[in-house]
Every structure is written in structure tokens, then in C-alpha cells.
Amino acid sequence: MLSQDRKIFVAGHLGMVGSAIVRQLEAGRCAEIITRTRNDLDLTNQQAVIDFFQSEKIDQVYLAAAKVGGIVANNRYPADFIYENLIIQCNIINSAHLANIQQLLFLGSSCIYPKFADQPMKESALLTGTLEETNEPYAVAKIAGIKLCESYNRQYSRDYRSVMPTNLYGPGDNFHPENSHVIPALLRRFHEAKLRGDKTVVAWGSGKVLREFLYVDDMAAASVYVMNLDKPTYDENTQAMLSHINVGTGVDCTIKDLVETVAKVVGYKGKVKFDSTKPDGAPRKLMNVERLKTLGWEYSVDLELGLSKAYHWFLQNQDTFRE
């Protein structure tokens, strides 16, 4: 347990994951939480980040800040994705070190693993094959973040850790009609179809591919848990050159099952058709979470409950993302 006088900086606190981490920390009432908006602190400005850490006397850092987007954005702006993520990570990790901050948690992504990694994907699959082309620049930046943490640990004996989540969803998600991910896109599509009285909703692909999803508040709980493991326990279950930990459910479902569950949660009564002429993507993407289970943490929110929570949040906030 952290003492009340400790100060924790959550970088990216307005994002889906960062805001969930703030909720988790606030529920624990264990420390003072420090946040900064983009207007208050430009994380791409090296000197500004150095000055911030030197002045604030932070004890722990959650590095959840990142430039994120879907396939279209990753394809259209690859230079932005690799540059901004690299510079944010470099600035925060190096500035934390310069300010003598011993504890930091870096949040990555399952896209760090090779396109054709064995399923379920183990941490040891890192750097064993070619990445998915569509988000390679983003993935390379996230891999660099892991290696930055490892390098500061090796050279300066820091305690900088990394967690790699599976597909996340929940409060704070992006429900934009064109560039959102699969769960918010489906929730919005079925909600609007229900309001219009549509008799049929068309879903892309065959519905046969398998995907894993984790409710974002579970991700936040896992992040705080991993951050606060004692160092001997963490080190015993990781390696100097393989220090990241997968975070997920270890359970996947077909897209068909996902679509049907979304329809049930939303209350859509029409029919669902799958357009098999549309791309499916990889046949399966599942995280191996045995390392995290060994460390004593497992998810608690199943898919249907998580979808219900996410839909409730959407209904409460839909006026903020009308296009």
C-alpha cells in the first residue's frame, strides 16, 4: 500500500486507459494524483517535461500517454504515429530518470507481437517476426518504450516496468463513426439501428475470426497491481531483456458471438447479416496471460457485463460525439 504523501503522475489521464487508472487510484485513496492537460504540459517538449519532473517531486509515473488511432489513421499518418509516440516516451522516461524517480509503468499494446505469432501470444514472441504492416510504426514505438525501460533498469538500476494490454473497451472509448475500434463501432451502430427501426444490421467479415477483449477498468486494476508488486517478485517472474507482462483475459470469442452479444446488450431485435466480402483480418489474436496469473492477478469483468457498462457510458455521453 502506498502512503498518503506519495505523488503519482498519470500521463495521458484524459484517455480511456489513463482515466481508468485515475479512477483506480482515487478509489484506493493512497496518494496524491498529479495530472496535466496538453495545454498545461506538452509531452513532446523535452525541456518542459524535464522542468515538470524536477519541480513536482513525483514518486511514481504511469505512462499512458500516446498517439492512438485505428487502421485508417495509422495508414495515413505513419510518421506522426512513430515520431510522437517515440518522443513522448523518451521525454517521460528520461526525465523521470533525471529526476531520480525509481518507479514507472509503461503501457504498450498487443500490436508489438509479430503478425503471425503463435497463439496465444507469449511475451517471448517479441521481436521474433515481422509486424503487421498497417500499424508497424506505432508498434515499433511501443517496442522502443519497452526497451527504454529495460535499458534504464540495466544501466541505472531503475524499476521501470511495462504492461501490454489486449484489445480494450469501456468508458472513455472513441465512438467516432469512422475511426473507432470494433466494440464502440458496434455499440453505436446497433444503437442507431434500434432508434431507426432497421430490420437488418450488416457486420463486416465472416464472423468466424477470434478476438480477445478486456474491460478498461480491469486493465487499470492490473496496471496498479503490477506497479506495486515488490521488486523481487516482479524480477523473479520477468527477465532483464524480456520484462513486459501481457494483460488480458486469456479468453477469446468469435466476432459473431461478439456481434450477437452487442445486439443483446443494446436491445436490438432485428436480424444480423455478415458480409463475407469484407476483410476478416488475422484469424486469431489472443494473449497468453499465464505470467500475470502467476503473479496473482486475473480479470473480473466478463464480456457481457463489460459491454453493458460501456453501452451505459455511451448513452450518458453520446451528445459529446455527435458528428
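The values are calculated or read from the model by the stated rules, or taken from the named source; none is laboratory data. Keep in mind that this is a model prediction, so the values were computed, not measured. FYI the Cβ positions are ideal-geometry reconstructions off the backbone, even for glycines, and counts take in every protein chain you see.
Just one residue in the set Ile87, Ile93, Ile101 is β-branched (Val, Ile, Thr), assigned to a helix (DSSP H, G or I) and either within 17 Å of the chain's Cα centre (by Cα) or crowded, with 20+ Cβ neighbours inside 10 Å (or both); that residue is Ile93. Which of the residues that make up segment 243-286 are of a type in the set (D, E, K, R) and surrounded by 18 or more Cβ atoms within 10 Å (Cβ to Cβ)? Matches in segment 243-286: Asp252, Lys285. The set of residues from segment 223-256 being free of Cβ contacts under 8 Å to residues at least 12 places away in the same chain, assigned to a helix (DSSP H, G or I) and among the charged types (D, E, K, R) comprises Asp235, Glu236.
Summed over segment 149-199, the residues that are part of a loop (DSSP other than H, G, I, E, B), more than 18 Å from the chain's Cα centre (by Cα) and farther than 19 Å from Leu105 by Cβ give a count of 5. Exactly one residue out of Ala222, Ala240 is crowded, with 24+ Cβ neighbours inside 10 Å and either over 16 Å from Thr166 (Cβ atoms) or touching a Phe, Trp or Tyr at 6+ places or on another chain (Cβ under 6 Å) (or both): that is Ala222.
Scanning segment 279-323 for residues that are among the β-branched types (Val, Ile, Thr) and either within 15 Å of Pro165 (Cα to Cα) or not in a helix (DSSP H, G or I) (or both) yields Val289, Val301. Contact map, segment 68-83: residues that are in contact (Cβ under 8 Å) with a residue 40 or more places away in the chain paired with residues that are assigned to a loop (DSSP other than H, G, I, E, B), Cβ distance under 6 Å, separation 6+ or inter-chain. Pairs shown: Gly70/Asn179; Val72/Asn179; Ala73/Asn179; Phe81/Lys67.
A count restricted to segment 6-59 and to residues that are in contact with a strand residue (DSSP E or B) (Cβ under 9 Å, 6 or more places away or on another chain), surrounded by fewer than 17 Cβ atoms within 10 Å (Cβ to Cβ) and assigned to a helix (DSSP H, G or I) stands at 2. Yes or no: segment 285-297 includes at least one residue that is at pLDDT below 95 and more than 18 Å from Phe190 (Cβ to Cβ). Scanning segment 285-297 turns up at least one residue that is at pLDDT below 95 and more than 18 Å from Phe190 (Cβ to Cβ).
With the structure loaded, tell me whether Lys309 is under 20 Å from the mean Cα position of the chain (by Cα) and closer than 16 Å to Arg188 by Cα or whether it fails that test. For Lys309, the condition - under 20 Å from the mean Cα position of the chain (by Cα) and closer than 16 Å to Arg188 by Cα - is met.
The residue pairs whose first member lies in segment 1-28 and is among the aromatic types (Phe, Trp, Tyr), whose second member is in a loop (DSSP other than H, G, I, E, B) and at pLDDT 95 or above, and whose beta carbons are closer than 6 Å, counting only pairs six or more residues apart or on different chains, are Phe9/Ile58.
Results for (1) crowded, with 23+ Cβ neighbours inside 10 Å; (2) out of contact with any Cys (no Cβ under 9 Å at 6 or more places or on another chain); (3) modelled with pLDDT of 95 or more, shown as yes or no for each residue.
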{"site": "Gly108", "(1), (2), (3)": "yes, yes, yes"}
{"site": "Tyr113", "(1), (2), (3)": "yes, yes, yes"}
{"site": "Met121", "(1), (2), (3)": "yes, yes, yes"}
{"site": "Leu126", "(1), (2), (3)": "no, yes, yes"}
{"site": "Ile143", "(1), (2), (3)": "no, yes, yes"}
{"site": "His176", "(1), (2), (3)": "no, yes, no"}
{"site": "Ala185", "(1), (2), (3)": "no, yes, no"}
{"site": "Phe190", "(1), (2), (3)": "yes, yes, yes"}
